[in-house]
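Structure, as structure tokens:
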Amino acid sequence: MKKHPSMLVPEFIREIDPYIPSRPDSYLMAAYGIPVLHRLNNNENPFGPPPAAMETIKALNPKDMAIYPSGDAFDLRCHMAEKLGISPDQILCGNGANEIIQFVISAYCEAGDNIITADKTFAVYEWVAEFSGVEARLTPMKDHGFDPEALLAFMDERTKIFFICNPNNPTGTFWDKDTLQKFLAAVDGRAMVVVDEAYCEFVDDESFPDALTLLDEHPNLLIFRTFSKMYGLAGLRIGYLMGQKDPVFDICRTRIVYSINSAAQKAAMAAFDDQEHIARTRLMVKESKDWLKTRLEGMGLDVIAGEGNYLIAGLPFNDQLAYRKLIRKGYMVRTMTGFRYPNHIRVTLREKPLMEGFAVALEEVLEERGCL
């Protein structure tokens, strides 16, 4: 008897709700009848890539697109390794952090294993584990941050990976060096510890640790970073991990070669370590964060504003309703129910004049709802 294709899908996959991305701007503007749409939902850098990366992208030869890219991003890894003071064999690049998360889980986990992370953090750790047939254990947060004691309490002999988002998306909280060192000592090599530093370039606080300085001491430490956020290359999809040579080699067993296109590799090489671009972006984020936090609190809203180019605001009504109301005024925000922060929105920080326009739009929504 023939089977319906859906019957060939494992049951644990059928239980997963697919992630549905937002529609393109042109579709949304037509659907909501708006002339412009400001995306404040994905933590993108409004300045775009650094100048050298922009010039590299403009200079791309279309004929080169007929040639396969470097399968392991060799030149890029060598360039980054020289700047970071490590070996190119300690770096693995991927098509965004999502792909790298898959590589790591595939390398270390099998049926019956588990990964541990927090319940209010970057959801892709949980999603990738689940569709890989691996249990995702989610610990409660403490003061909007990762709780080391809770993470350790969830650990057992089948725990293979801890995922620590530092600073955390969406709350901006972070572990200092002492907390991270103590956690690594407590794990004692019994599981891999992934420190996701996707937003590390935005951090101003001097107590924030550079996990790279701990790499020599801990063979079970892996560090994630990305070119999507600070470096403005989200559309080219490129991220990387760092670790000691042996674990990186093991993860290479599960990677997909040729997944990073030539344009992304060249642009990332030009963008990497542009300190002027980083300083300019940090200054913009700090000014907008300080202003918007004060403005939202003046509306009577609870605000969570840690490190990173975003903040969260608690609302007196449903976040999906707020999304629909705000998009009709030209502002797209991230609803936080999926992050287990119901009735909250996350707002990407952009230039102050745009933040002022957003604040006016949100105030109008609050007034329409009788909340002011």
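Observations
- In region 31-81, the residues that are among the basic types (K, R), under 26 Å from the mean Cα position of the chain (by Cα) and in a helix (DSSP H, G or I): R77
- Candidates A136, A111, A150 - the one that is crowded, with 18+ Cβ neighbours inside 10 Å and either at pLDDT 95 or above or in a loop (DSSP other than H, G, I, E, B) (or both): A136
- Search result, residues across region 192-217 that are crowded, with 21+ Cβ neighbours inside 10 Å and of a type outside the set (D, E, K, R): M192, V193, V194, V195, A198, Y199, C200, F202, A211
- Any hit, region 236-243, residues being farther than 24 Å from T179 by Cβ and of a type in the set (G, A, S): yes
- Contacts under 8 angstrom Cβ, first residue in region 1-15 being open to solvent by less than 100 Å² (accessible area, probe 1.4 Å), partner at pLDDT 80 or above and part of a loop (DSSP other than H, G, I, E, B), 6 or more apart: P10/G133; F12/G133
- Region 231-269 - residue that is over 22 Å from A59 (Cα atoms) and part of a loop (DSSP other than H, G, I, E, B) and, of those, most open to solvent (accessible area, probe 1.4 Å): R253
- Residue pairs meeting the criteria (Cβ under 7 Å; at least 6 apart or on separate chains; first farther than 24 Å from F47 by Cβ and part of a helix (DSSP H, G or I), in region 346-372; second modelled with pLDDT under 95 and not acidic (D, E)): E363/L372; L366/L372
- Of all residues in region 285-308, those that are in contact (Cβ under 8 Å) with a residue 24 or more places away in the chain have Cβ atoms under 6 Å from Cβ atoms of residues that are assigned to a loop (DSSP other than H, G, I, E, B) and surrounded by fewer than 18 Cβ atoms within 10 Å (Cβ to Cβ), 6 or more apart or on another chain, in I304/H144.
- The number of residues in region 292-315 being within 24 Å of the chain's Cα centre (by Cα) and either loosely packed, with under 14 Cβ neighbours inside 10 Å or not in a strand (DSSP E or B) (or both) comes to 9.
- Restricting region 316-372 to residues that are buried (at least 20 other Cβ atoms within 10 Å of the Cβ) and among the polar types (S, T, N, Q) leaves a set whose member that is farthest from G48 (Cα to Cα) is T335.
- Among the numbered conditions (1) over 27 Å from I57 (Cβ atoms); (2) of a type outside the set (F, W, Y); (3) open to solvent by 60 Å² or more (accessible area, probe 1.4 Å); (4) part of a helix (DSSP H, G or I), the only one that R282 does not meet is (1).
- Once region 116-126 is narrowed to residues that are assigned to a loop (DSSP other than H, G, I, E, B) and open to solvent by less than 30 Å² (accessible area, probe 1.4 Å), the residue that is modelled with the lowest pLDDT is A123.
- Selection count where residues are surrounded by fewer than 24 Cβ atoms within 10 Å (Cβ to Cβ) and either of a type in the set (S, T, Y) or closer than 17 Å to L215 by Cβ (or both), scope region 157-175: 3
- Test: K160 is of a type outside the set (G, A, S), touching a Phe, Trp or Tyr at 6+ places or on another chain (Cβ under 7 Å) and more than 28 Å from Y310 (Cα to Cα): yes
- Tally of residues being open to solvent by 50 Å² or more (accessible area, probe 1.4 Å) and either without any contact (Cβ under 8 Å) to a residue 40 or more places away in the chain or under 30 Å from F131 (Cβ atoms) (or both) across region 73-94: 4
- When I57 is tested against (1) modelled with pLDDT of 95 or more; (2) touching a helix residue (DSSP H, G or I) at 6+ places or on another chain (Cβ under 7 Å); (3) open to solvent by less than 70 Å² (accessible area, probe 1.4 Å); (4) under 30 Å from P247 (Cα atoms), only condition (4) is not met.
- Unmet requirement for A129, which otherwise passes all of (1) modelled with pLDDT of 95 or more; (2) surrounded by fewer than 20 Cβ atoms within 10 Å (Cβ to Cβ); (3) part of a helix (DSSP H, G or I); (4) out of contact with any Phe, Trp or Tyr (no Cβ under 8 Å at 6 or more places or on another chain): (2)
The values are calculated or read from the model by the stated rules, or taken from the named source; none is laboratory data. Computed from a prediction, not measured in an experiment: that's the story for all the values here. Here Cβ is always computed from backbone atoms with ideal geometry, including for glycine, and neighbour counts include all displayed protein chains. The area values use the complete protein model at the heavy-atom level, side chains included, leaving out ligands, DNA and RNA. Shrake-Rupley method; radii C 1.70, N 1.55, O 1.52, S 1.80 Å.
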